[in-house]
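Contents: one structure, followed by commentary.
The values are calculated or read from the model by the stated rules, or taken from the named source; none is laboratory data. Note that the structure is predicted; figures quoted are calculated from it, not measured. Here the Cβ positions follow ideal geometry from the backbone for every residue, glycine too, while neighbour counts run over all protein chains shown. The protein model used for the area step is the full one, side chains on, heavy atoms only, and it has no ligands, DNA or RNA in it. Shrake-Rupley method; radii C 1.70, N 1.55, O 1.52, S 1.80 Å.
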Amino acid sequence: MTKKEQNRESTVSLSKEQIIEKLTTTVIGRNLSLFDSVESTNLVAKEHIQRELVDGEVLLALEQTAGKGRLGREWTSSKGKALTMSIVLKPLVEKPYLLTQLTAAALAAALSPLADFGIKWPNDLLLNNKKVAGILTETVYSGSTLEAVIIGVGINVNQDASDFPDSILTKASSLKMELGSPLDPNAIAAAFLNSFEVMYQQYLQTKDPSLFLEICREKSLIIGKTVWIVNGKQKKKARVKDIGTDGELKIIDDMTGMEEALYGGEISIRGIDGYI
Ligand code: ATP
């Protein structure tokens, strides 16, 4: 997606045909549905996983009425202004928890012609220190067998400030608000899916996450910083040293001086004086 392509479009609406036209993938998004309004695309994916859905299938919605972030938190989106989608993956991946960071790297790479996006480990994409996209990876098991991984991605594309609840305006923004003009959501969706497929296929073949983890390190907004590590009601200060070879966050506890490794899950990161 070039800047020129984006500028030509003013308020283009989401269209299945226009996304498919721009896809260069062989698997990801080759089956693609666009719903008008759903509770959340991850929920639709989970409900239909056993029967109809195939590997690489993508579900998009113009509107999510009950979008979710991690830990059951709410993910807001305004009808027709945000991209909300789920990618369904069916092959067995060794370490599904790494797919959140793979997705973050793919998104940052896909959007890089527009701006230099930062990654807030493990699942948020920020621009000018505001969250413009988030990722929620969920797994579906049958007994102890991993059946599918569902990757939910929300991208704030064309929202205005008035589309966000006041409570999150200090930390949330849209591409339009940060870049100053509306963008074509179809070009963004396709660029992301194209980038995702390349990284995902490479990971499946090599089983080596170092390529996408290196992007996560390069784009990290927290490596080298002192931050709050929030875990439920507990929080502690720590310096972020690095992202390890297994995607873990390596921190040094401010109080004890001890090194620790954090794995996504329940943890949220906050800046010392603000969101990040
Ligand atoms: P954070 O550190 O920003 O709280 P998190 O990773 O702990 O993020 P997520 O699941 O990524 O949690 O995101 C959910 C949170 O993001 C919500 O609690 C809300 O504060 C914020 N949020 C909700 N909708 C949006 C949105 N459309 N854009 C940006 N942020 C949002």
Dipole-positive endmost among L59, A172, L102 within the chain (Cβ charges, Cα centre): A172
Computed helical MRE - 222 nm, the chain, DSSP H runs ≥ 4 contributing -39500 (n - 2.57), nearest 500: -7500 deg cm²/dmol
Among 234-245, 263-274, the order from most to least packed when residues are scored by Cβ within 10 Å on average: 234-245, 263-274
Farthest positive-ward along the chain dipole, Cα basis, beta-carbon charges - from L125, T26, S15: L125
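Please give the per residue accessible area of the stretch 137-226, computed with a probe of 1.4 Å over protein heavy atoms only, in Å².
Dividing the accessible area of the stretch 137-226 by its residue count gives 40 Å².
Structure shown: which of K95/K130; K130/K241; K120/K237; K90/K207; K46/K81 lie over 27 Å apart, alpha-carbon to alpha-carbon?
K95/K130
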Scaled radius of gyration (Cα, divided by 2.2 N^0.38 Å) that the chain gives: 0.97
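I need the helices of the chain that pass two filters: whole DSSP H segments spanning 24 Å or more by Cα along the axis, and mean Kyte-Doolittle score no lower than -1.0.
185-206
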Apportionment of accessible area to carbon and sulfur, the stretch 120-186, percent (1.4 Å): 45
For A148, distant residues with modelled amide H under 5 Å away: V140
Linear extension gain, I252 paired with I272, 0.36 nm per residue minus alpha-carbon span: 5.7 nm
Check: the stretch 74-164 dipole with +1 on Lys, Arg Cβ and -1 on Asp, Glu Cβ, in debye: 80
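To check you understand DSSP bridge types, tell me what percent of the beta bridges within the chain (both residues inside) are antiparallel, rounded to 5. Present the calculation step by step, with values, prior to reporting the outcome.
Details: 50 of 58 bridges.
Close to 85 percent.
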Solvent exposure, largest accessible area first (probe 1.4 Å, DNA, RNA and ligands not counted), of L146, L43, L193: L43, L146, L193
Relative contact order for the chain, counting Cα pairs under 8 Å that sit 6 or more residues apart, in percent: 18
Among S86, S13, S77: highest mean-square fluctuation, GNM of the chain, C-alpha pairs under 10 Å: S13
Residue-level accessible surface for L62, protein heavy atoms, 1.4 Å, Å²: 50
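Using the Cα centre of the chain as the reference point, and only Cβ charges (+1 on K/R, -1 on D/E), how large is the resulting charge dipole? Debye, rounded to the nearest 20.
Its charge dipole is roughly 560 debye.
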Placed amide H near N31: partners under 5 Å, 5+ positions off or other chain: V58
Within-12-Å neighbourhood charge of Q50 [Cβ basis; K, R +1; D, E -1]: 0
